[in-house]
Structure formats: structure tokens, C-alpha cells
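Each value in this text was obtained by applying a stated rule to the coordinates, not by laboratory testing. On a predicted model such as this, the values are computed, not experimentally measured, just so you know. Cβ sites come from the backbone with ideal geometry, for glycine too, and all protein chains shown count toward neighbours.
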Amino acid sequence: MVHRRRSGAARRHGVGARPSDPAILRLVQSFNEARTRYDAKALDGLLASDYIEVSPLGEIDRRPAVLTFYAPEKASQVPPMNFQTQDVRRHGDSAIVIGSVDYTLPNPNGGTVTRSVRVTYVEQRIGREWKMMSVQYTGIQPPRPAS
């Protein structure tokens, strides 16, 4: 998974702020890498005890269901992904990271198509460690063809 921050126009509009603690973005990267590898053990160490997420299908999944979903024996082929950070906000021991994940998928014509999901990550520092509290995935409509 590639991780990069947007610059230029995005920053001029007040997004893309850098967190004062680089561990905030490292947690997002580690979380996404563990999901890609179907590494439930790694996720177990990254998620808060009361972790909850809203899946791309709108389902609410609590920590045990998420860990079961990412069990190694359930691993499937993961399409190439690219993560981009659009905004980082820190409020004391809490942080919100908003980004997008672009998936490159095969299409029926033999080429590829890119689909995007907006992702909101909510983190909390517990002791000296940042933990993932919640994640919400929202599909981004693909651009409409010019008419």
C-alpha cells in the first residue's frame, strides 16, 4: 500500500494538516497493511478493545467480527490499493484522519478501472500508544462520462 499526503491545492483549502505526532499516520499505514495481508494478529494489536467500523456496505462490525474477517485462512486476493491522506486533526489524545483508498480492479474489457472509498479513521492515544477506535468507509461515486 502506498501512503502519500496531498499537497498544493488540498493544503491551500485547509486540509492535509500534518499531525504533531507521526505515530498517528503510522497507525493508519500499519492498519491498512495488516488488512491487506489478512493479518488478524497484527490488527489485534492495533485495534482498541471497543473498536467498531462501518463497512463499505454500511454494516456495523465490532472488533471480534473484524478480527474474524481478517483471519489468515480467509485471505483473498486484494486488488492494488493507493492510500492518500486528505486531512489530519488531533484533539489531545484523539485524532481523526480522513483519506481515500483507490482500488485498481480488472474490468470485463480486459483493462482496469479505479474505484475509490473515502475512509475516516478515529484514533486514541492510550498510554504511550495510538489505537484505532473506529473506521468508516464511504464509497466515492466514479466520475460520470462526459455527454
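Of the beta bridges DSSP finds with both residues in the range 15-147, what % are antiparallel, to the nearest 5?
Given both bridge residues lie in the range 15-147, the antiparallel proportion sits at roughly 90 percent.
Please give the FRET efficiency for ARG26 paired with ARG144, using the beta carbon to beta carbon distance and R0 = 30 Å, rounded to the nearest 0.05.
Efficiency for this residue pair is about 0.25.
Sequence gap at least 6, Cα distance under 8 Å: using those rules, report the relative contact order of the chain to the nearest whole percent.
Working: 259 pairs, mean separation 36.1, N = 147.
Taking the mean separation of contacting Cα pairs over the length of the chain, I get 25 percent.
Rounded to whole Å and sorted largest first, what semi-axes of the equivalent ellipsoid does the C-alpha gyration tensor of the chain yield via the square root of 5 times each eigenvalue?
Three semi-axes, in Å: 25, 22, 13.
Using 0.36 nm per residue, how much length does the chain from ILE60 to GLU73 gain when fully extended, once their Cα-Cα distance is taken away?
2.4 nm
Between THR36 and HIS91, take the C-beta separation as r, use R0 = 35 Å, and let me know the FRET efficiency to the nearest 0.05.
0.75
Using the Cα centre as the reference, give the magnitude of the dipole from point charges on the C-beta atoms of the chain (Lys, Arg: +1; Asp, Glu: -1; all else neutral), rounded to the nearest 20 debye.
Approximately 600 debye in magnitude.
When the helices in the chain are scored as -39500 (n - 2.57) per DSSP H run of 4 or longer and the sum is shared across all residues, what 222 nm value do you end up with, to the nearest 500 deg cm²/dmol?
Details: 4 runs with 33 residues, N = 147.
For the chain, the value works out to -6000 deg cm²/dmol.
Residue farthest toward the positive end of the dipole of the chain, with Cβ of Lys/Arg at +1 and Asp/Glu at -1: which of THR138, ASN32, GLY92?
Farthest towards the positive end: GLY92.
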